[in-house]
Amino acid sequence: RCVAATPPPLPHPQIVRSVRNPRQISSPSTEGHPWASDCCVNPPSRADPSTDLPQLPFLFPAAMFLRGSILSVARRPLATVASRLIHSGVAGSPFEPTEAHAQLRSMVRKFAENEVDPQANDFNRDERMNLPLFRRLGELGLLGLTAPEEFGGSGMDATSACIVHEELSAADPALCLSYLAHSLLFVNNLARNGSREQMARFLPGACSGETIGGMCMSEPDAGTDVLSMRTRAEATDGGGAFELTGTKMWITNGTVDGSTTGDVFLVYAKTGPPQERGGMSLFLVEKGAPGFSLGQQIKDKCGMRASLTAELVFDKCRVPRENLVGGEGDAVRCMMRNLEVERLCLAAMSCGIARRSVEAMARYSNERSSFGKPLKSFGQIQRLVGEAFARMRAGRAYLYDVAARIDLDSDPEGGGGGG
């Protein structure tokens, strides 16, 4: 295992773009790259688990089903074992199937710890989106994570998407949520369902961070039951355009400054009979379109406050026919195709938050004392931390097993792909 003496600079975006679908390539060569020697290091964490994690004998029974070799390391200090389990960065593991995946995790983790984590509390406290930091993700090739390279993307797979969301959410879930809405709900959605002309118009700016996008699906009376949405799109000008009327609620990146809308959105609206469930179409709506406005920014959320959420209003919003994504009435297929990876990466965010929580639990049990002894010396605390660790590891294992089975280019109605 190679360990760099000092943290090297972040890799050029070309390193990020070297990841392909593992079904199609083997690990790419990194010979000669200044960062290649660090590809298999256990990256540094906010708090070194080797000093923070207590020795928890109760962990082993809970974790045996997660790691077949756990008995072989049972004689070692648990802090060392847990450190390697939580922060593994070795190519060939279920969490980094190829060397390129391991490089990606190491790069994103260093970026998250050096640039994302330090600003998280301030921006969440002030309910502001850190736009310069968000655009840094574009410089690293992450905003177009799963988009084709020819349109400015990085051409990565579902496992890569999980890696990035897990690492970013461990540092700042709010920034990661805005990133998810942009990179998956907008960029990946358009990359899988849009025409080449639409991708050429919108993806380069979205992949670089010049424009910030989102997706409009939920409504005040249609959240989970999304097929009952009421926003309608009526053909006008002899079918050359559509007029959208309705309201969308809880839209991530609906505003990025608190006073205007985001730059561009994929908007779901009904084009079939009003009484029909489904019959939806998908439209590209740009900032400044006639009849498109910000209703309100939704403030005082329970968490993730640096990810701005808004109500968006469409009052006979005029959209040209060339902004129709896919066929008229075919949007349910587009929706389900994209929600597959979006829900997967929400689970990756949960795993990142869980990992950070376990680190915090372990650190506190090491620092806090009661009855003259650290909390880590009490069996009940050991059980709680150990069970949390085992559940976190189980969630990660399930997550990456599913990710390995998903083909982002498959058609859900055609039976292709896995997951």
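The values are calculated or read from the model by the stated rules, or taken from the named source; none is laboratory data. Everything numeric in this text was worked out from a predicted model, so none of it was measured. Here the Cβ positions follow ideal geometry from the backbone for every residue, glycine too, while neighbour counts run over all protein chains shown. Keep in mind that these areas ignore ligands, DNA and RNA; they rest on the heavy atoms of the full protein, side chains included. Shrake-Rupley method; radii C 1.70, N 1.55, O 1.52, S 1.80 Å.
Starting from the Cα of K316, draw a straight line to each of the aspartates and glutamates and keep only those under 16 Å, dropping any in the same chain fewer than 8 residues away.
Answer for K316, where 16 Å is the Cα cut-off: E234, D237, E243, E286, listed by chain and number.
Given 20 °C and 1.002 mPa s, compute D for the range 110-238 with the Stokes-Einstein relation, Rh being the Kirkwood radius over Cα pairs; round to the nearest whole µm²/s. Don't skip to the end; give the middle numbers.
Details: Rh = 15.9 Å.
Here the translational diffusion coefficient equals 135 µm²/s.
In whole Å, what are the Cα extents of the range 273-419 along the three principal axes, biggest one first?
That works out to 72, 41, 27 Å along the principal axes.
Taking every pair of alpha-carbon atoms in the range 331-402, what share in percent sits in each 5 Å bin, from 0 to the bin with the longest distance?
For the range 331-402, the pair-distance distribution reads 3, 15, 19, 15, 13, 10, 8, 6, 4, 3, 2, 1, 0.
Between E234 and Q119, take the C-beta separation as r, use R0 = 35 Å, and let me know the FRET efficiency to the nearest 0.05. Kindly include the intermediate steps, with their values, before the conclusion.
Numbers: r = 44 Å, r/R0 = 1.27.
Efficiency at R0 = 35 Å is approximately 0.20.
For the range 350-407, which trypsin sites (Lys or Arg not before Pro) are both in a DSSP coil and crowded by at most 14 other Cβ atoms within 10 Å? Numbers along the way, then the final one.
Values: sites: R355, R356, R363, R368, K376, R383, R391, R393, R396, R405; in loops: R368, R405.
Answer by residue number: R368, R405.
Over the range 156-218, with the other protein chains present, what is the accessible area per residue in square angstrom, probe 1.4 angstrom?
On the way: 1170 Å² over 63 residues.
Result: 19 Å² of accessible area for each residue.
Among T255, P320, L244, flag the residue with its Cα farthest along the positive direction of the charge dipole of the range 215-331, charges on Cβ as +1 for Lys/Arg and -1 for Asp/Glu.
It is T255, whose Cα lies furthest towards the positive end.
Relative contact order, percent, of the range 215-331 when contacts are C-alpha pairs under 8 Å separated by at least 6 residues?
On the way: 280 pairs, mean separation 36.0, N = 117.
Relative contact order for the range 215-331 comes out at 31 percent.
Give the value in nm², to one decimal: projected area of the alpha carbon convex hull of the range 215-331, averaged over all directions. Walk me through the intermediate numbers first.
Values: hull surface 28.2 nm².
That works out to 7.1 nm².
Hey, rough spin-label estimate for K316 and S208, points 7 angstrom out along Cα→Cβ, what's it come to in nanometres?
3.7
Quick check: at a probe of 1.4 Å, how many percent of the accessible area of the range 215-331 sits on carbon and sulfur atoms?
With neighbouring chains kept in place, the figure for the range 215-331 is 47 percent.
Setting aside same-chain residues fewer than 8 positions from K301, which aspartates and glutamates have a Cα under 17 Å from its Cα?
D122, D126, E127, D172, D257, E311
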